[in-house]
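Nothing in this text is a laboratory measurement; each read-out follows from the coordinates by a stated rule. Just so we're clear, the structure is a prediction, and the values are computed from it rather than from any experiment. Please note: Cβ atoms are built from the backbone with ideal geometry, for glycine as well, and neighbour counts cover all protein chains shown.
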Amino acid sequence: MIRITRKLRFIDISSAYKIYVGGVCRGKIRAGGTKEFALEKGNYTISARTGLFEEYGSNPLHIKIRDSSDIVDLEVGIALTGWRRELFPYLVGFFFKKDEYLFVREKQDVEEIE
């Protein structure tokens, strides 16, 4: 099983992110939400997409589920930091790699400093 958490951030509060597992959309996650997806034992590629035409995404994250009882905690969010995140993020997306607009990563225990 994977558990994906998305922090509540004002900059993209109205956007839903689509979560892809192995290239197939498995659901959406809203700001402040958590979703769980049951997965069998095996290797998977996890990614996220957003935007009117899903033009903004994340780099793929490769994970391995060793046992069906394993829980892999992941987090998703905007990868832009600092002044880039304060500007209009979709406009900024034109100047940066569109598949690096979001991140999907293993959940970090330490809170990031902004």
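Neighbours of GLU54 by Cβ distance under 12 Å: Lys/Arg scored +1, Asp/Glu scored -1, total +2. Measure out, as a whole number of angstrom, how far apart the alpha-carbon centroids of the range 50-76 and the range 13-30 sit. If you average the Cα positions of each part, the centres end up 9 Å apart. Listed cross-link partners LYS28/LYS64; LYS64/LYS107; LYS7/LYS64; LYS7/LYS41; LYS7/LYS35 are compared with a 20 Å cut-off, the Cα-Cα value being larger for LYS28/LYS64; LYS7/LYS64; LYS7/LYS41. Remark: the ASP67-ALA38 segment gains 9.3 nm on full extension, using 0.36 nm per residue and subtracting the alpha carbon distance.
Annotation: amide H of GLY27 within the under-5 Å range of ILE19, sequence separation 5 or more or interchain, hydrogens built in the peptide plane.
How about the range 39-74: which GluC sites (Glu not before Pro) there are in a DSSP loop, with at most 11 other Cβ atoms within 10 Å of their Cβ? When the GluC sites (Glu not before Pro) of the range 39-74 are filtered for loop state and at most 11 Cβ neighbours within 10 Å, GLU40 remain. Residue-wise HN-Hα couplings along the range 69-77, as the Karplus relation 6.51 cos²θ - 1.76 cosθ + 1.60 with θ = phi - 60° gives them from phi, are 8, 5, 10, 9, 8, 10, 9, 10, x Hz; Gly and Pro carry x.
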